[in-house]
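The structure appears right after this line, and notes come after that.
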Amino acid sequence: MLVAMTLSCKDQPSREMALLGKPRDSVILDNIHTYFDSLWNLKDTTYLRKISGPGFVRILNGIPVAEGRREMQSHLHVFFSAFPDLKCTLDRVFIEDHTAFILWTTEGTNTGVYGEVGATGKKVKINGMAQMNFDEEGKLFQEYVYYNDLELLQQLGYTLVPPVLE
């Protein structure tokens, strides 16, 4: 069964629950909300233990960036330091069996170091998608995240330099 919903942090839980077909789907949806609301928006990485399994893996644009909760916490702090006002919004959520597909929007202002680059003071707004895989208990064990990194860098003020073709 495929469940499709349009969600934001302001949606009523009863409306969401009415659309769900299985009890496990409600656990998955709760964990998705916790992931975005508490982890990303409130920047409270202690919620990782509640919603994920110990072997959690995050793959960002095809590159593994975090294996385990501790690495994920470090990975998140890079974004939290660079964009202290970062806010994520769930645009759409599709749940099929143990997998959720999420379309999201993130906005924030670069007032801290991002990677090895100093703050630009620029505001960014990025759209992306995530595929989140859950185990039988509804715990997150794998996340694939995709967004246009070039768009992010261009919003920060960076430009592409054409290659030298000789």
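Restricting the stretch 96-116 to residues that are surrounded by 13 or more Cβ atoms within 10 Å (Cβ to Cβ) and modelled with pLDDT under 95, the residue that is farthest from the chain's Cα centre (by Cα) is Asp97. Taking each residue of the stretch 51-80 that is within 23 Å of Gly108 (Cα to Cα) and looking for partners that are in a strand (DSSP E or B) and of a type in the set (Lys, Arg) with beta-carbon atoms closer than 9 Å, six or more apart or interchain, yields Val65/Arg58; Ala66/Arg58; Glu71/Arg58; Met72/Arg58; His75/Arg58. For the stretch 64-120, a residue qualifies if it is part of a helix (DSSP H, G or I) and under 17 Å from Gln131 (Cα atoms), and exactly one does: Met72.
Residue-wise test of (1) at negative phi; (2) polar (S, T, N, Q).
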| position | (1), (2) |
| --- | --- |
| Asp30 | yes, no |
| Tyr35 | yes, no |
| Leu42 | yes, no |
| Thr46 | yes, yes |
| Ser52 | yes, yes |
| Gly62 | no, no |
| Lys87 | yes, no |
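Does the stretch 77-84 contain any residue that is under 23 Å from Ile28 (Cα atoms) and of a type outside the set (S, T, N, Q)? There is no residue in the stretch 77-84 that is under 23 Å from Ile28 (Cα atoms) and of a type outside the set (S, T, N, Q). Sort through Thr45, Thr34 and tell me the only one that's buried (at least 17 other Cβ atoms within 10 Å of the Cβ), closer than 18 Å to Ala130 by Cα and among the β-branched types (Val, Ile, Thr). When all the criteria are applied, what remains is Thr34.
Could you please find all residues in the stretch 136-151 being closer than 18 Å to Gly55 by Cβ and either free of Cβ contacts under 8 Å to residues at least 24 places away in the same chain or surrounded by 14 or more Cβ atoms within 10 Å (Cβ to Cβ) (or both)?
Gly138, Lys139, Leu140, Phe141, Gln142, Glu143, Tyr144, Val145, listed by residue number.
So in the stretch 119-166, with the set limited to residues that are touching a helix residue (DSSP H, G or I) at 6+ places or on another chain (Cβ under 9 Å) and of a type in the set (D, E, K, R), which one is nearest to Asn61 (Cα to Cα)? Among residues in the stretch 119-166 that are touching a helix residue (DSSP H, G or I) at 6+ places or on another chain (Cβ under 9 Å) and of a type in the set (D, E, K, R), the one nearest to Asn61 (Cα to Cα) is Glu143. The set of residues from the stretch 132-156 being part of a strand (DSSP E or B) and over 24 Å from Ala82 (Cα atoms) comprises Met132, Asn133, Phe134, Leu140, Phe141, Gln142.
The values are calculated or read from the model by the stated rules, or taken from the named source; none is laboratory data. Please read all numbers here as calculations on a predicted model, not as lab measurements. All Cβ positions, even for glycine, are placed from backbone atoms using ideal geometry, and neighbour counts span all protein chains on display.
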